[in-house]
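No lab work stands behind these numbers, since they all come straight from the coordinates. These numbers come from a predicted model, not from an experiment. Neighbour counts run over all protein chains shown; Cβ positions are idealised from the backbone, glycine included.
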Amino acid sequence: MRRTLAILRLHDAIARRAGEDFPLTYTRDVPFAIQLTFDTMRPTVTTRDAAALLRSDAPAYVVVRDATRVRRRMGRGAPSLYEIAGATIGSTPYLTLLGNRPDLETNDAVAIGLGPLRVALDHARLGTTQDGIIVVIPESDAARVVVTNARAAPAAAVVRVRENGSARDLVWTLGPHASVTWTAAER
């Protein structure tokens, strides 16, 4: 019961500041219940992948169970890491929202981790992402999506671009550490 209440407190703190559909990344050690409060079903990432995402230039936000472990993974010389929100059980930290910005930014660019993939969105929103399909909604003609395979093995990426009541699936097999870019100009 105390864990559930902590999860709900964290959800409320994030939703109040950035809305229900803010693009969050979740590490593997985070209870899946936090995703259910946001009505998401996204693949989780390792703490190593979380640290890499948080080192990126684009704003990134990761819900973690062990913030100290992610900080250690960031390494020396890493950019600043901020504890934006947290939930405790008593005086013990339970879940923490880490970001590479001091507050939740709802600007045009964001990076998110989805399992082995890193997705950078610019002028696009992340839609409901499940069953291995990454749904993106372009918000302007400047929309840009970059999908990067963070692994040393090939990975499949399916991006469903939704706009004007229709959807188009883009399917790629990405080599190790390879990236692919889609822009609204390719419509």
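Laid out as a table, the results:
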quantity	calculated
Neighbours by Cβ (under 8 Å, 6+ apart or cross-chain): first from segment 10-39, in contact (Cβ under 8 Å) with a residue 24 or more places away in the chain; second surrounded by fewer than 16 Cβ atoms within 10 Å (Cβ to Cβ) and among the small types (Gly, Ala, Ser)	Phe22/Ala15; Phe38/Ala15
Residue pairs meeting the criteria (Cβ under 6 Å; at least 6 apart or on separate chains; first surrounded by fewer than 18 Cβ atoms within 10 Å (Cβ to Cβ), in segment 43-56; second of a type outside the set (S, T, N, Q))	Pro43/Leu114; Pro43/Gly115; Arg48/Arg73; Arg55/Ala78; Ser56/Ala111
Qualifying residues in segment 57-66 (those that are crowded, with 23+ Cβ neighbours inside 10 Å and in contact with a helix residue (DSSP H, G or I) (Cβ under 8 Å, 6 or more places away or on another chain)) - the one nearest to His177 (Cα to Cα)	Ala60
Test: residue in segment 36-49 that is part of a loop (DSSP other than H, G, I, E, B) and among the hydrophobic types (A, V, I, L, M, F, W, C)	yes
Members of segment 168-187 that are under 18 Å from Ala150 (Cβ atoms), of a type in the set (Gly, Ala, Ser) and not in a strand (DSSP E or B)	Gly175, Ala178
